[in-house]
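Asker: Here it is, the structure in full.
The values are calculated or read from the model by the stated rules, or taken from the named source; none is laboratory data. Computed from a predicted structure; not experimentally measured. Note that each Cβ is placed from the backbone with ideal geometry, even for glycine, and that neighbours are counted across all protein chains shown. Accessible surface areas use protein heavy atoms only, side chains included; no ligands, DNA or RNA. Shrake-Rupley method; radii C 1.70, N 1.55, O 1.52, S 1.80 Å.
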Amino acid sequence: MTGRFITLEGMDGAGKSTHISNIIQILQAQGHEVISTREPGGTALGEKLRELLLHENMHPETETLLMFAARREHIDRVISPALVRGTYVLSDRFTDATYAYQCGAKGVPASKIQLLEQWVQSDIQPDITLLFDVPVEVSLNRLATARSPDKFERENAEFFTRIRHAYLQRAIENPARFRVIDANKPLEEVKKSVEDIILSI
Ligand code: TYD
């Protein structure tokens, strides 16, 4: 038996994290074992790298390499073993975020990310990716009220516009895997959309 790998993506402030506990409950109610994890992070070493990634300034390619270093550890210690056990893995972000942030927003060539993706992931790919999409102004307004923003959350509208476009482009290029959710709707409606998608897996 193999589990399923579900990822959540979206700009900072798109509200994806709000839905994690609900998704876990739905899957558990269906009798699945579920683990919830996140990137960057997900392991002890990954969480240390997360601290550096979110708070230290560095070259975008250094950032990309560290994201994939954390990801290598995450796959080896958490994601692959869980999938082999038949567990559902829910990850708050994965490689689509590297394409959106480091490639789309910071200009790292996609070809370099593809190389790392092949090296680090081999055949590990999400089965389904929920992309929480909101207009850039909405994301920025939500972030304006966030406490102690990290370095990504302090970026400007142009940066977020590039992220949004990169994510939507990923969704267009991978239609079988992506489900784009209009996260600008009232919370109950967004919750319902998420439930429908999870129940349909
Ligand atoms: P996020 O997932 O939004 O966590 P929180 O809700 O606690 O702020 O923060 C992670 C940040 O890391 C986010 O701004 C996007 C960034 N990131 C990348 O730039 N590249 C990546 O590959 C990943 C996984 C995340």
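Asker: Compare the Cα positions of G104, H165, I35 along the charge dipole of the chain (+1 at Cβ of Lys, Arg; -1 at Cβ of Asp, Glu; about the Cα centre) and return the one farthest towards the positive end.
Answerer: Comparing the listed Cα positions along the dipole, I35 ranks first.
Asker: Measure off, as a whole percent, the carbon and sulfur share of the 1.4 Å-probe accessible area of region 70-177, all protein chains present.
Answerer: Numbers: 2600 of 5130 Å².
About 51 percent, which is the carbon plus sulfur part of the accessible surface.
Asker: Additional query: In square angstrom, what is the accessible area per residue of region 78-163 with a 1.4 angstrom probe? Mind dumping the intermediate values first?
Answerer: On the way: 3830 Å² over 86 residues.
With the other protein chains kept in place, region 78-163 gives 45 Å² per residue.
Asker: Run the dipole for the chain about the Cα centre, Lys and Arg Cβ at +1, Asp and Glu Cβ at -1, nothing else charged, and hand back the magnitude in debye, nearest 20.
Answerer: Values: 24 positive and 28 negative charges, 24 e Å.
Dipole magnitude for the chain comes out near 120 debye.
Asker: Which residue fluctuates the most in the chain, going by a Gaussian network model with Cα springs under 10 Å, if the choices are L49, L187, L83?
Answerer: Evaluated over the chain, the most mobile residue of the options is L187.
Asker: OK, next. Across all directions of projection, what mean area in square nanometres is found for the Cα convex hull of the chain?
Answerer: On the way: hull surface 42.7 nm².
Mean projected area for the chain: 10.7 nm², to one decimal.
Asker: Right, another one. Could you tell me the relative contact order of the chain? Use alpha-carbon pairs under 8 Å, at least six residues apart, and round to a whole percent. Before the final figure, lay out each step's value.
Answerer: On the way: 299 pairs, mean separation 65.8, N = 201.
This gives 33 percent for the chain.
Asker: Something else: State the Cα centre-to-centre distance between region 176-201 and region 49-124 in whole Å.
Answerer: Rounded to whole Å, the Cα centres lie 24 Å apart.
Asker: Here's something else I'd like to know. For V34, which sequence-distant residues (separation of 5 or more, or a different chain) have an amide H within less than 5 Å of its own amide H, given hydrogens modelled in the peptide plane?
Answerer: For V34, the qualifying residues are Y88.
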